[in-house]
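Undergrad: Handing you this structure, nothing more for now.
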């Protein structure tokens, strides 16, 4: 049985390989990749100066069915990972997914290449 930690690891691998298409959402701190009937969303937020990341799986109706977060006090996510799935996840996985998804959705490399061409032409 697959679990959200395994899904997050696979999403990270496929994103690094350039095999997932990420798009922006109405929230500038949230990105979405659609995979068949489901989607995954990576979001960033902050509270009291601390940055947090949220990785969610959405069903075909766009409803959130499972979420994993980096909040240190997210007892639910930590309990699920430890007791139900027994699948640890590196604390950097979600921030890395967020940065890679953001770069893909905003086409950062393409934009920087275009800017470099303009600057080099001056």
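The values are calculated or read from the model by the stated rules, or taken from the named source; none is laboratory data. Treat the numbers as computed from the prediction; the structure is a model and nothing was measured. Heads up, the Cβs are rebuilt from the backbone with ideal geometry, glycines too, and the neighbour counts pull from every protein chain shown.
Undergrad: Which of the residues that make up the range 36-49 are more than 11 Å from the chain's Cα centre (by Cα) and either within 12 Å of residue 102 (Cβ to Cβ) or outside any strand (DSSP E or B) (or both)?
TA: 36, 37, 48, 49
Undergrad: Which ones in the range 1-46 are free of Cβ contacts under 8 Å to residues at least 12 places away in the same chain and more than 22 Å from residue 107 (Cα to Cα)?
TA: Correct list: 1, 2, 36, 46.
Undergrad: Please state which one of 21, 33 is on the phi < 0 side of the Ramachandran plot, at pLDDT 95 or above and part of a loop (DSSP other than H, G, I, E, B).
TA: Values: 33 fails: part of a loop (DSSP other than H, G, I, E, B).
None of the others qualify; the one that does is 21.
Undergrad: Could you check the range 50-67 and list, in sequence order, the residues that are part of a strand (DSSP E or B), over 13 Å from the mean Cα position of the chain (by Cα) and surrounded by 11 or more Cβ atoms within 10 Å (Cβ to Cβ)?
TA: Across the range 50-67, the qualifying residues are 51, 64, 65, 66.
Undergrad: Do we find a residue being in contact with a strand residue (DSSP E or B) (Cβ under 7 Å, 6 or more places away or on another chain) and within 16 Å of residue 91 (Cβ to Cβ) anywhere in the range 15-38?
TA: The answer is no; no qualifying residue exists.
Undergrad: Given the conditions (1) surrounded by 14 or more Cβ atoms within 10 Å (Cβ to Cβ); (2) touching a strand residue (DSSP E or B) at 6+ places or on another chain (Cβ under 9 Å); (3) modelled with pLDDT under 95, which single one is not true for residue 78?
TA: Status for residue 78: all satisfied but (2).
Undergrad: Could I ask something else about it? When you look at residue 116, is it surrounded by fewer than 12 Cβ atoms within 10 Å (Cβ to Cβ) and at pLDDT 95 or above, yes or no?
TA: yes
Undergrad: Restricting to the range 81-108, what's the tally of residues that are at pLDDT 95 or above and either touching a helix residue (DSSP H, G or I) at 6+ places or on another chain (Cβ under 6 Å) or not in a loop (DSSP other than H, G, I, E, B) (or both)?
TA: 11
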